[in-house]
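The values are calculated or read from the model by the stated rules, or taken from the named source; none is laboratory data. The structure presented is a predicted model; accordingly, all values stated were derived computationally and were not measured. Glycine gets a Cβ as well: all are built from the backbone with ideal geometry, and neighbour counts include every protein chain shown. Just so you know, the surface numbers come from the protein's heavy atoms only, side chains and all, with ligands and any DNA or RNA stripped out. Shrake-Rupley method; radii C 1.70, N 1.55, O 1.52, S 1.80 Å.
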Amino acid sequence: GEDVEQSLFLSVREGDSSVINCTYTDSSSTYLYWYKQEPGAGLQLLTYIFSNMDMKQDQRLTVLLNKKDKHLSLRIADTQTGDSAIYFCGPGRRALTFGSGTRLQVQP
Amino acid sequence: DAGVTQSPTHLIKTRGQHVTLRCSPISGHKSVSWYQQVLGQGPQFIFQYYEKEERGRGNFPDRFSARQFPNYSSELNVNALLLGDSALYLCASSASGTAPYNSPLHFGNGTRLTVT
């Protein structure tokens, strides 16, 4: 299978919570990252979690890590239209490994 | 503080030509990495440089090369361009030479290369 897998598309209503999931194969990462990419732009670092943590909260963002299952998730509370973008999870030791990302569409 | 800056923002080249892309890291960052993002896919790692030395190389042909200068800026060179080289080329900087193992990468907005 792919090194990093994410669902391609997620649609939510404004004000709802969004949950973006990621599974990965490389367990050697010390940090696991979440990036956001808006149209025509580069990758914006959103947050990251240390591999010995289960959860990290950063304002509207909550990251959950299940190291045993190699599963990472990003929860966005009170999703806004400005959150519409492609989200990439990025594990990696010597370099970041990305899948195809999840396109989040927020409907007003 | 300025983020990672890349130039040019857009570029159109013909097959067989050569291209040079430039990147200036965040002030104080000594490591620069290059990624290629083909439309509809996630970025793929090309190179990492730290203190002017190559620290890592992805699975790209020898037509791709890079270097880092004493001021920590970097150039990515691609020779004998192919149609398949059309992509967004992203530069990222980090404070540590062992990023992303222990330090996040901060990306620029990229250079959009179109090969016709």
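Below, the figures for the structure above:
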{"read-out": "Count of segment A:2-41 residues which are on the phi > 0 side of the Ramachandran plot and touching a residue at least 12 places away in the same chain (Cβ under 8 Å)", "value": "1"}
{"read-out": "Which listed residue is under 13 Å from the mean Cα position of the chain (by Cα), without any contact (Cβ under 8 Å) to a residue 40 or more places away in the chain and surrounded by 20 or more Cβ atoms within 10 Å (Cβ to Cβ), from B:Ala92, B:Ala87, B:Ala66", "value": "B:Ala66"}
{"read-out": "Residue that is most open to solvent (accessible area, probe 1.4 Å) [pool: residues in segment B:30-61 that are out of contact with any Gly (no Cβ under 9 Å at 6 or more places or on another chain), over 18 Å from A:Ser100 (Cα atoms) and within 13 Å of chain A (Cβ to nearest Cβ)]", "value": "B:Arg57"}
{"read-out": "Verdict on B:Ala99 being more than 8 Å from chain A (Cβ to nearest Cβ), at pLDDT below 95 and open to solvent by less than 10 Å² (accessible area, probe 1.4 Å)", "value": "yes"}
{"read-out": "Subset of segment A:1-41 [over 22 Å from A:Thr79 (Cβ atoms) and open to solvent by less than 30 Å² (accessible area, probe 1.4 Å)]", "value": "A:Val4, A:Tyr24, A:Ser29, A:Thr30"}
{"read-out": "Single condition A:Gly82 does not satisfy, out of (1) open to solvent by less than 40 Å² (accessible area, probe 1.4 Å); (2) free of Cβ contacts under 8 Å to residues at least 40 places away in the same chain; (3) within 21 Å of A:Leu10 (Cα to Cα)", "value": "(1)"}
